[in-house]
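Please read the structure below before turning to the comments.
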Ligand SMILES: Cc1ncc(COP(=O)(O)O)c(C=O)c1O
């Protein structure tokens, strides 16, 4: 388990390296279950309950299978048939919420279902990837591997969903290099960095509710990448570097490649969280893109903005300057 949860380090450009995960969420899933077992939060009768529509569910299902824990996953229609089948084969019980809440979307509806299940199963454990601090802490091993292999890192780029991976990696890498730059990659219509909530086509990054694990003051820069740009970059990552990855990897690659080209003397690491198999029928399917009216055009560079309200519909970039969300939304830009 520990061998598969750690990333491979792949050099993409003279100054750009990828931390390539088969399934990044295996790392926090295993770490959270380990911690719960060792502090007595889980026993043989415990039901593990979690909400996730993707890779965290899969990571937990693998860990719970190997450790013999009962698991209930609350997801939404974004859990495709293949993933549902795979989760069930791993022994998880999968509950799908069919309707989104008026406020907070599917994310809210899923959390409400989790609350019901907690009542129903008094002996439960909810890992809670959005607010459990063991999520970012889980990335200590991955950060150690990156610094053992690459030495000093000047800039880390990664997609942001719960905030665990980018926040966790940065906090460990900054023990050696406090000035290391952290660039978070989000998508249009996600509330994480202050945009109003809207339906989104990119899965795995972005959020309709603000997770407590997003530490806004960790980020130096934030980018918003739309669905067409994300899917185009994901395909480019395959065509240019033979890395068959999911869309959050594509979004991070787009940003990291551009930043690394602008800063040829800096050493840049990009997080690539999962493999492409799950996305064959959407991101990698021309028919699906056509049916969903997705245009794969990508601007040569991001539009600089000073406030999340100025983010248009295409790739945008903002100097976040390690500020709290409320400072960014209501304060002045630091000169
Ligand atoms: C495929 C994928 N990429 C990226 C992320 C974002 O990572 P984090 O939740 O650590 O911010 C997630 C989160 O679920 C994910 O599933």
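If you average the C-alpha positions of the stretch 111-140 and of the stretch 282-335 separately, how far apart do those two centres end up, in angstrom?
Cα centroid of the stretch 111-140 versus Cα centroid of the stretch 282-335: 30 Å apart.
Which of the peptides 7-18, 180-191 is most tightly packed, and how do the rest follow, judged by the mean count of other Cβ atoms within 10 Å per residue?
Highest to lowest by the protection proxy: 180-191, 7-18.
Please give the peptides 216-229, 156-169 ranked by average Cβ packing (other Cβ atoms within 10 Å per residue), highest first, as a rough proxy for protection.
Peptide ranking by packing, descending: 156-169, 216-229.
Between the stretch 147-215 and the stretch 90-108, how many Å separate their Cα centres?
Distance between centres, Cα-based: 24 Å.
Normalised by the residues of the stretch 26-125, what does the relative contact order come to in percent, with Cα pairs under 8 Å and at least six apart? Working shown, then result.
Working: 139 pairs, mean separation 29.9, N = 100.
RCO, the stretch 26-125: 30 percent.
Evaluate the distance, in nm, between pseudo-label points positioned 7 Å from the Cα of residue 115 and of residue 324 along their respective Cα→Cβ axes.
2.5 nm
Just 155, 242, 64 to compare: in a GNM of the chain, with alpha carbon springs under 10 Å, which one fluctuates most?
In the Gaussian network model the winner is 242.
Describe numerically, in nm with one decimal, the distance between label points set 7 Å from Cα along Cα→Cβ at residue 85 and at residue 306.
5.4 nm
Taking only DSSP H segments of four or more residues, each worth -39500 (n - 2.57), what value at 222 nm results for the chain once the sum is divided by all its residues, to the nearest 500 deg cm²/dmol?
Value at 222 nm, helices only, nearest 500: -11000 deg cm²/dmol.
Taking just the C-alpha trace of the chain, give me its Rg and Dmax in Å.
19.0, 56
What distance in nm separates the two pseudo spin-label positions at residue 144 and residue 179, each 7 Å out from Cα along the beta-carbon direction?
Inter-label distance under the simple model: 2.8 nm.
Applying a 10 Å radius around every beta-carbon, put 87-97, 47-57 in order of their mean neighbour count, most first.
So the order, starting with the most tightly packed, is 47-57, 87-97.
Give the shape of the stretch 94-239 as rounded, prolate or oblate, defined through the alpha-carbon gyration tensor: a ≥ b ≥ c are the square roots of its eigenvalues, a/c under 1.5 means rounded, and otherwise the shape is prolate if a/b is larger than b/c and oblate if not.
oblate
So what is the relative contact order for the stretch 191-290, in percent, with contacts set as C-alpha pairs under 8 Å and at least six apart?
22 percent
Would you work out if the stretch 1-130 is rounded, prolate or oblate? Take a ≥ b ≥ c from the square roots of the eigenvalues of the alpha-carbon gyration tensor; rounded if a/c is under 1.5, else prolate when a/b is larger than b/c, oblate otherwise.
oblate
Over the chain, what is the mean sequence separation of C-alpha contacts under 8 Å (at least six apart), divided by residue count, expressed as relative contact order in percent?
On the way: 686 pairs, mean separation 57.9, N = 335.
Reported relative contact order: 17 percent.
Read the figures in this text as sums done on the coordinates, not as results from a lab. Just so it is clear, the model here is predicted, and its values are computed rather than measured. Quick reminder, even Gly has a Cβ in these numbers, built from the backbone with ideal geometry, and neighbours come from all protein chains shown.
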